[in-house]
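**Q** Structure in C-alpha cells, see below.
The values are calculated or read from the model by the stated rules, or taken from the named source; none is laboratory data. In this text, all values refer to a predicted model and were calculated from it rather than measured experimentally. In this analysis, Cβ positions are derived from the backbone assuming ideal geometry, glycine residues included, and neighbour counts consider all displayed protein chains.
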Amino acid sequence: MVNQELMTTMADKHESESPTLLEWAEVEKYIKRAKDAFEPYRQSSVQQRIGFLRQIAHEISAIRTDLIETSHGETHLPEGRLSGEIDRTINQIHLFAGVLEEGSWVNAIIDTADPQRAPVPKPDIRQMQRPLGPVCVYGASNFPFAFSVAGGDTISALSAGCPVLYKVHEGHPQTSLLVGGCIERAARQTGMPDGVFASLMVARDVGVQVVTHPSVTAVAFTGSFLGGKALYDAAAKRPVPIPVYAEMGSINPVFLLPDRLKLHAEATAAALVASNTLGAGQFCTNPGLMVLLQSPDTEHFLSMYGKQLAEQTCHAMLTPGIHRAYSAGVERLKSMVELSTLGEGKKMESANAAVPVAFRVSGSDFLGNSALQEEYFGPASIHVVAEDRAQLLEIAEALDGQLTCGVWCTDTDIDSFGPLFQRLEQKAGRLIINGAPTGVEVCHAMVHGGPFPATTDTRSTSVGTQAIYRFTRPVSYQNYPDRLLPAELRNGNEAGIWRKVDGELTRKSR
Ligand code: NAP
C-alpha cells in the first residue's frame with residue numbers, strides 16, 4: 001500500500017549543506033564511459049574480477065574510521081551499528097568473490113550433439129549466464145554501506161560483469177563519496193576499464209533520465225514504494241524495456257499463535273519489541289503488523305508488549321523528512337477511531353528522535369481498512385486481534401505481498417494451523433518461524449524480495465549470492481567450436497566447475 005506521507009523531497013532529506021549536483025550533460029559522459037567499459041569488463045578474466053572485488057573490500061577496510069565518523073554524522077546511526085554494517089559489507093564482497101572463485105554460478109549446461117538422431121540430428125547446444133550491461137543502482141537511506149555504494153546491488157552487478165552507475169542517496173552524500181572513492185581506487189589498482197563504476201550525485205529528474213537512457217540495461221533500487229514504482233513506471237515507457245528490481249515497502253506480518261503465547265508471552269514480547277525498535281525501526285524488515293487470536297494469553301502478551309515498549313527510546317531518524325513522515329503517520333493512526341494505543345515509548349531530547357508506539361485493532365476493523373497495511377517506516381506496530389481461527393486465516397489471505405512473514409509457534413500450534421503456513425507461502429519471499437525478521441543473513445539461500453508491492457520483481461532477491469542473476473541473461477551457443485565458447489563451456493572445463501552435461505551434474509571435462 002502507498003503511504004502518501006512518505007513522499008519525501010530531496011530538501012526534506014538532508015537539511016544541511018547541499019552537495020553539488022551533476023548536470024545531465026556530465027552524467028551522459030559517465031553513461032557513455034560505462035557503456036564503453038562493458039565490453040572490456042565482461043571480457044576480463046574471473047581472476048581479475050575477483051582481484052577487483054577483494055581490493056574494494058581492502059580499500060573500505062583501510063578507511064573504516066573515517067567512514068564510521070562521516071556516516072554517523074550524516075545518518076545518526078550508532079557507531080557500533082555502522083561498524084557492524086561495514087563488516088557486513090566487506091563480508092558480502094568476499095562472499096561474491098568466493099562465488100566467482102568457485103565458478104559454478106554461471107549455470108553451465110551442455111547438451112551434446114547426436115548426429116545419428118532420427119529423424120533429425122541433434123545439435124550441440126551449450127548455455128550459461130552472461131552479463132546484461134551497465135546497471136543503474138539507487139542506494140538506500142537506511143543502510144549507508146550494505147545497501148549503498150558498495151552494497152549488495154553494486155557488488156552483485158560488478159560480480160556479474162556489469163559496470164555500475166550509482167545514484168547517491170541524499171541522506172549520506174559524503175559517506176557515499178568516500179566509498180565511491182574506494183571502488184574507483186580499487187578499479188585503477190586492478191586495471192579495470194575506465195568507467196566500470198561511477199557515483200552520480202544528481203537531482204531526481206536527472207536520476208530518472210539515467211533509468212531511461214538507452215545504454216542502461218537494468219535498475220536496482222531500495223527505498224519507498226513511491227520512489228521504486230516511479231522508476232519502474234519510467235522504465236516501462238522506454239522503447240526498449242529493461243528489468244527494474246525495486247525493493248520497496250513491507251510491514252512484515254508476524255502471527256503469534258496461542259500455544260506459543262501461553263508458554264512464552266514475555267520472551268516473545270521482548271524479542272518483538274527489540275526487533276521493532278532496533279535502529280529506530282528503520283528497517284525494511286521491521287515487524288509492523290502482529291496478528292493474534294483473541295484469548296486471555298493474548299491479553300497477557302499485549303499488556304507485556306505495551307509495558308516493554310514504554311521503556312524504549314529511539315535515536316534520531318535518518319533524515320528530517322523520514323522523521324516527519326513517521327510522525328505524521330503515527331498521528332494519522334492515533335486519529336483512527338478503530339485503533340487504541342497499546343503502548344508508547346519515551347521521547348529522547350535529540351531532534352528527529354522517533355517515539356515507538358504500538359496500536360491495537362480488531363480483526364474485522366483491520367479487514368475493513370486497507371490503509372492499515374501501509375508501511376509506517378519507523379518503530380510503530382499494529383496488533384490485530386482476530387476473533388477466531390477463520391478470521392485469522394482471512395487476515396493472512398488479505399495481506400499484500402511482503403518481504404517476510406513470521407510465525408511464532410510451538411509444535412502444537414504447527415499441528416493445528418497448517419493452512420496458515422500454506423497461505424503465507426503465497427505472500428512473502430522469506431518465511432520465518434520463531435525469529436525476528438530484522439537481521440537479514442547474507443548467504444547463498446537468502447531471499448530478500450517478495451510479491452508486489454514489496455518488490456517489482458517477485459522472482460529475484462536483493463540480498464545473498466542469488467542477487468547476481470538480476471544482472472545476467474542466459475545465452476545458448478549452438479554448434480559453436482570450442483575456441484569460440486566462453487571458458488566455462490569448453491570441453492576441457494579447466495576451472496573444474498560444476499556443469500550439467502546431458503542432464504547430469506559433473507565437474508568432469510568432456
Ligand atoms: P525514497 O524516498 O524512495 O528515495 C530513495 C531514492 O529514490 C533516492 O535516491 C531518491 O532520490 C529516489 N526517488 C524517490 N522518489 C523518486 C521519484 N518519484 N522519482 C525518482 N526518484 C525518486 O526512500 P528513502 O529516502 O530511503 O526513504 C523514504 C522512505 O522509503 C521511508 O520512509 C521508507 O518507507 C522507505 N524505505 C524503504 C526501504 C526498504 O528497504 N524497502 C529502505 C529505506 C526506506 P531523490 O529523493 O534524491 O530524488
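**Q** From the set of residues in segment 152-169 that are of a type in the set (Val, Ile, Thr) and in a helix (DSSP H, G or I), which is nearest to the ligand (Cβ to nearest atom)?
**A** THR154
**Q** Within segment 19-54, which residues are in a helix (DSSP H, G or I) and of a type in the set (A, V, I, L, M, F, W, C)?
**A** Restricting attention to segment 19-54, the residues satisfying the condition of being in a helix (DSSP H, G or I) are 24-43, 46-54.
TRP24, ALA25, VAL27, ILE31, ALA34, ALA37, PHE38, VAL46, ILE50, PHE52, LEU53 - these are the residues of segment 19-54 that are in a helix (DSSP H, G or I) and of a type in the set (A, V, I, L, M, F, W, C).
Conditions (1) at pLDDT 95 or above; (2) under 26 Å from the mean Cα position of the chain (by Cα), marked per residue:
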{"residue": "LEU6", "(1), (2)": "no, yes"}
{"residue": "LEU22", "(1), (2)": "yes, no"}
{"residue": "ALA25", "(1), (2)": "yes, no"}
{"residue": "LYS32", "(1), (2)": "yes, no"}
{"residue": "LYS35", "(1), (2)": "yes, yes"}
{"residue": "GLN43", "(1), (2)": "yes, no"}
{"residue": "PHE52", "(1), (2)": "yes, yes"}
{"residue": "ILE56", "(1), (2)": "yes, yes"}
{"residue": "GLU59", "(1), (2)": "yes, yes"}
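**Q** Also, I was wondering about something else. Hand me the list of strands (runs of 3 or more DSSP E) wholly inside segment 408-510 holding 1 or more residues that are closer than 17 Å to ILE251 by Cα and touching a His at 6+ places or on another chain (Cβ under 7 Å).
**A** 428-433
**Q** Which count do you get for residues in segment 478-502 that are buried (at least 16 other Cβ atoms within 10 Å of the Cβ), without any contact (Cβ under 8 Å) to a residue 60 or more places away in the chain and within 19 Å of LYS122 (Cα to Cα)?
**A** 1
Results for (1) assigned by TED's automatic domain parsing to the domain that holds GLY401; (2) on the phi < 0 side of the Ramachandran plot; (3) touching a strand residue (DSSP E or B) at 6+ places or on another chain (Cβ under 8 Å); (4) away from the ligand (no atom under 16 Å from the Cβ), shown as yes or no for each residue.
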{"site": "ASN276", "(1), (2), (3), (4)": "yes, yes, yes, no"}
{"site": "GLY281", "(1), (2), (3), (4)": "yes, no, yes, no"}
{"site": "CYS284", "(1), (2), (3), (4)": "yes, yes, yes, no"}
{"site": "THR298", "(1), (2), (3), (4)": "yes, yes, yes, yes"}
{"site": "TYR305", "(1), (2), (3), (4)": "yes, yes, yes, yes"}
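**Q** Scanning for something away from the ligand (no atom under 16 Å from the Cβ), in a loop (DSSP other than H, G, I, E, B) and crowded, with 24+ Cβ neighbours inside 10 Å, does segment 170-187 turn up at least one residue? Write out each step before concluding.
**A** Residues of segment 170-187 that are away from the ligand (no atom under 16 Å from the Cβ), as a first pass: 178, 181-187.
Restricting the remaining residues to those that are in a loop (DSSP other than H, G, I, E, B) gives none.
Checked segment 170-187: no residue is away from the ligand (no atom under 16 Å from the Cβ), in a loop (DSSP other than H, G, I, E, B) and crowded, with 24+ Cβ neighbours inside 10 Å.
**Q** For GLN282, state whether it is within 26 Å of LEU424 (Cα to Cα) and under 27 Å from the mean Cα position of the chain (by Cα).
**A** Taking the combined requirement at face value, the residue satisfies it.
**Q** If the Cβ limit is 7 Å and pairs must be 6+ apart or interchain, which residue in segment 449-475 that is touching a residue at least 40 places away in the same chain (Cβ under 8 Å) pairs with which residue that is assigned to a helix (DSSP H, G or I) and within 15 Å of the ligand (Cβ to nearest atom)?
**A** Pairs that qualify, where the first residue is touching a residue at least 40 places away in the same chain (Cβ under 8 Å) and the partner is assigned to a helix (DSSP H, G or I) and within 15 Å of the ligand (Cβ to nearest atom), are PRO453/PHE225; THR456/GLY228; THR456/TYR232; SER462/GLY152; SER462/ASP153; VAL463/GLY152; ALA467/GLY152.
**Q** Condition first: over 10 Å from VAL384 (Cβ atoms) and touching a strand residue (DSSP E or B) at 6+ places or on another chain (Cβ under 6 Å). Now tell me which residues in segment 357-373 satisfy that.
**A** Once the filter is applied, which keeps residues that are over 10 Å from VAL384 (Cβ atoms) and touching a strand residue (DSSP E or B) at 6+ places or on another chain (Cβ under 6 Å), segment 357-373 yields VAL357, ALA358.
**Q** Moving on to the next point. Based on this model, can you work out whether VAL357 counts as more than 29 Å from GLY171 (Cβ to Cβ), crowded, with 18+ Cβ neighbours inside 10 Å and in contact with a Gly (Cβ under 8 Å, 6 or more places away or on another chain)?
**A** Details: more than 29 Å from GLY171 (Cβ to Cβ): no; crowded, with 18+ Cβ neighbours inside 10 Å: yes; in contact with a Gly (Cβ under 8 Å, 6 or more places away or on another chain): yes.
Judged against the criteria, VAL357 is not a match.
**Q** Considering PHE255, PHE225, PHE221, PHE197, which residue is away from the ligand (no atom under 16 Å from the Cβ) and closer than 22 Å to PHE147 by Cα?
**A** PHE197
**Q** Here is a follow-up. Can you find even one residue in segment 426-444 that is at pLDDT 95 or above, crowded, with 18+ Cβ neighbours inside 10 Å and of a type in the set (Asp, Glu)?
**A** No, there is no match, as no residue in segment 426-444 is at pLDDT 95 or above, crowded, with 18+ Cβ neighbours inside 10 Å and of a type in the set (Asp, Glu).
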